Amino acid sequence: MVNLLTLLVAGLANGSLYALVALGLVLIYKTQDVVNFAHGEILMAGAFIGFSAYTFLHLPYGWSLVAAVLLGGLLGAVIERVAFRRVANQHHITLAMVTVGLSVLMKGLARIPFGRDINTYPPAFKADRVVLWGIPISPQHLLTIAMAASLAVALYLFFRFTALGKKMRATQQTIVGAQLVGINTGNVFASTWALAAMIGAAAGVLAAPLSLLYPDMGTNFLLKGFAAAVLGGFESVPGAIVGGFIVGVVEMLFGGFVSTVFQQVSAFFIIILVLFLKPDGLFGRRALARV
Amino acid sequence: MERLPWLRRLFPFVLILALLAASQVMDNYLQYIVNLVLIYVIIGIGLNFLLGFAGQFAFAHAALMGIGAYTAALLTTRVGLSFWLALPLSGVVAAVIGAGAALPAMRMRRVYLALVTLAFAQLIIWVLINWNAVTLGTDGVDLRAPYLFGWRMRGDRNTFYIVLPVTVFLYWLARRVLESHVGRAFIAIRENEIVARSNGISVAWTKTLVFALSAFYAGIGGGLYALALGFIVPDSFGLGQLTLHFSIVVLGGMLSLYGAVIGAVVLTTLPEFLRDVQALQEIIYGLVLMVVILVMPQGIVGPLKRFGILPREVLARNWRRLERRG
Amino acid sequence: MTGRPVLLEARDVTIRFGGLVAVDSVSMAIVPGEVRGLIGPNGAGKTTFFNAISGLVPLSSGLIRLGGEDITALPAHRRAAAGLRRTFQSVQLLPQQTVLENVLIGLHTSFTAPGWRDRRGREAAAQAQVEHVLAFLGIAARILTPVNRLTFAEQRLTEIARAIVSRPRVLLLDEPAAGLSPTEVEGLGELLHRLRDEWDVTILLVEHVLSLVLNRSDRVTVLENGRLIAEGCPEEVANNRAVQVAYMGVE
């Protein structure tokens, strides 16, 4: 019983990371109808920015997070402006290829400074375990869950109550409609990418203490974030969050009770299983195509 | 080439003869490179069917190549089957598994196909690494070269004598398939499935066919790859391999058989020079993928065709007959 | 009425989306050689009904028959094989391919039909059919031109070529006059009659440009809010009170 709850908390912590990754994917997909295959690498960039801030600039954890988020956002906006805007209207294969190329490029660029060793990021707390109600729980996990939750709430408020957030929602519904009412969709796209990148980078910094840091770490998070988004039907924010928790917890339980070897691939099984049984995800609705 | 029809028709034969002649005097390393180029032509053609012509964005090509490679290697060393049988089997095994990937393609939204196949590819690598009893895991497997009339076909030149006819045959086959109603059905589903269906095309059947065909080529390519290298490990068939495949198709030109050839020639020679510098490889491939798509979305063959250096490719047999009508 | 056998029949077709009834028990019978117009104000359900006949939208109830055979359960590609073809509102061609390749797609079913003999003969025969239909439509010279280099009118003709090259029994035309100038509409009208008389195809046409429908149709069906409110020859329909109210509001 004790073991189960520890695993559960760990699963929720990882799950909140996957949820954040899912959010970033869904955000871009809803606005530009394309999956950003480089999203995992944005997370990796965030993690390494945080790592560099800590190791080279000796910034404390909190400020590393801020630095990663800001630089991540900038990175996202630049990517959209330089690479994406030119091809935004082309065939979906073209778009997807650009993000694939970007993902590979980023991995290569990261490998030059960071490829030699596997790095680690020290946890934010000195204590390794905290005992709550007789159950050992890692404070880092709790911190991760808390931060992810705050991010989700901040996002909700952003979409609901800020002008930019509303414009983004409008553009997601209909690009032409948004243009007709005077919304600068170019800015919205740039902001969407920036926002998605910020979330991704934040996830990276949160992931850093829980995971090893290496240039290829992105793919793993991309797949699991995708599993989470798929569970949520690729449409909704709450869906992505619930999906993230499910993936995180299932993975941990698999690892704890079956075998750690299977832990890596449990997310893959989830993806394949869900998509075969419920092709639109757990919460999704059938999309009607127009010719 | 457009203006010299005799040149166009002679060129393939000239090329084959040149390669055969050159192989008599090449050193082993160069021969090995030539073998790899031919193998990646097959791989590129296979991916082009799926990605370029049929527009199915799937990430399983490298994993399927791995399946083909392991099938060939394991059948020759652990089961004792002759390579002459193991090679077609690698194609068939990969094709069956590849057709299995068509199932999600038919049922789910486009966005999911890419990531499902990516997950599947990771799963395959994981199986290759962890199923030690069968695949020998990270220790790798070697391949036993075949006998031809009692002569052991070992070494790079002998490998070339096997790889070349297979490549030529598979190229010819691809040309026949593409210039038929099957090839036209591929492009139809690429553009708009609803329109394809309204013209009598069964999207389900066409997708299954293109996935199987593409996987078959990947499998054969994998089997020949195992032959050329003599020894394979799971890690060779991961994302790095897949990136090379994508780059070949994008750089050469999607929607073009010539593109697969050109892409394979250009990019296969590259990794050999950069073999130890993974970061540099990745940066180059990443840039190739992005820049080519942004600047030359039709790949190298685009401008080559526009300037008449490369002939047009029209998906209809003997279409030039119609040209002469005037 | 004339005792001719019905070629395309829709019987009590109802289509529901969630709680909304888009098409409410609509019946229609089209005889061979007829040009039938289908009109109605926006939201009348004509496009939905039209898409249901071509097999892209499932029926909630009712049936559809082609040449006496029940095709309600047939998927779109089988209906195409059975001789039911259509065009689309926005031109849906493969832009980088030639007219030849695009129109050959319309003959896909002749390649997949059973019979293994004479494979090479089929391709040559198909290409000959393409040449023939392009000559019929007056664009024979463009056969090897990539579609993205054609004029808009030529592209539209290419799409029609693809739809009729297989000599379908029924041709469904989806707003063919959209975006055409009055002269072009007149040309389209003549083409419709040529298709009926010379190419031997029965036509169902959904259209907003009333002049085309009223001048060229043999019979007209009017839908409003998913229901059939009038049917008859063009004069009857034009003078029908309910139709006038539907289009122009209360008099």
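Read the figures in this text as sums done on the coordinates, not as results from a lab. Just so we're clear, the structure is a prediction, and the values are computed from it rather than from any experiment. So basically every Cβ, Gly included, is an ideal-geometry build from the backbone, and we count neighbours across all protein chains shown.
For this structure, a couple of remarks:
- Calculated FRET value between B:ARG110 and B:ALA204, using beta carbons and R₀ = 22 Å, to 0.05: 0.90
- The range B:110-170 and the range B:183-218: distance between their alpha carbon centers, rounded to Å: 27 Å
- Which of A:MET97, A:MET44 has the fewest Cβ neighbours within 10 Å, and the rest in rising order: A:MET97, A:MET44
- Mean sequence separation of contacting Cα pairs (under 8 Å, at least six apart), scaled by the length of chain A, corresponds to a relative contact order of 37 percent.
- Relative contact order for chain C, counting Cα pairs under 8 Å that sit 6 or more residues apart, in percent: 27 percent
- Here each label is just a point 7 Å from Cα along the line to Cβ, and for B:TRP131 and B:ARG306 those points are 4.7 nm apart.
- Between the listed residues B:ALA226, B:THR138, B:LEU103, the Cα displaced farthest toward the positive end of the dipole of the protein assembly as shown, a dipole computed from Cβ unit charges relative to the Cα centre, is found at B:ALA226.
- Proximal lysines relative to A:LYS166, as straight alpha-carbon distance under 22 Å, when same-chain residues fewer than 8 apart are discounted: A:LYS30
- Shielding of C:68-81 by partner chains, average beta-carbon count, 10 Å: 3
- Value of D in µm² per second that Stokes-Einstein yields for the range B:217-263, Kirkwood Rh from Cα pairs, at 10 °C (1.306 mPa s): 137 µm²/s
- Estimated 222 nm signal from helices in the protein assembly as shown, with DSSP H stretches of n ≥ 4 weighted -39500 (n - 2.57), rounded to 500: -20500 deg cm²/dmol
- Counting Cβ atoms of other protein chains within 10 Å of each residue's Cβ and taking the mean over peptide B:186-196 gives 5.
- Given R0 = 60 Å, the distance between the Cβ atoms of B:ALA21 and C:ASP200 translates into a calculated FRET efficiency of 0.50.
- Label-point separation, C:SER61 to C:THR145 (7 Å along Cα→Cβ), nm: 5.2 nm
- Each residue, A:PHE269 and B:LEU103, gets one label point 7 Å from its Cα in the Cβ direction; the gap between the two is 1.6 nm.
- Normalised by the number of residues in the range C:122-226, the mean separation of alpha-carbon contacts (under 8 Å, six or more apart) gives a relative contact order of 24 percent.
- With kT/(6 pi eta Rh) evaluated at 4 °C and eta = 1.567 mPa s, and Rh the Kirkwood radius from Cα pairs, the range A:21-216 diffuses with a coefficient of 73 µm²/s according to Stokes-Einstein.
- Largest-first principal axis extents, alpha carbons of the range C:179-251, Å: 40, 25, 21
- Average other protein chain Cβ within 10 Å of Cβ, residues B:116-125: 5
- Hull shadow area, averaged, the range C:126-251 [alpha-carbon convex hull, nm²]: 9.0 nm²
- Residue among A:PHE189, A:PHE48, A:PHE158 with the largest mean-square fluctuation in a Gaussian network model of chain A, springs linking Cα atoms under 10 Å: A:PHE158
- Projected over every direction and averaged, the convex hull enclosing the alpha-carbon atoms of chain C yields 14.8 nm².
- Globularity ratio of the protein assembly as shown, using Cα Rg and 2.2 N^0.38 Å: 1.04
- Sorting B:GLU282, C:GLU184, C:GLU175 by the number of Cβ atoms found within 10 Å of their own Cβ, with the fewest placed first, yields C:GLU184, C:GLU175, B:GLU282.
- Modelled FRET efficiency - R0 25 Å, A:LEU70 with A:THR162, Cβ distances, 0.05 increments: 0.90
- Cβ-to-Cβ counts within 10 Å put B:TRP84, B:TRP319 in ascending order as B:TRP84, B:TRP319, the fewest first.
- Report note on the peptides A:204-210, B:174-180, C:147-153: ranked by the mean count of other C-beta atoms within 10 Å, highest first, their order is A:204-210, B:174-180, C:147-153.
- P(r) weight above 20 Å for the range B:28-238, C-alpha pairs, percent: 56 percent
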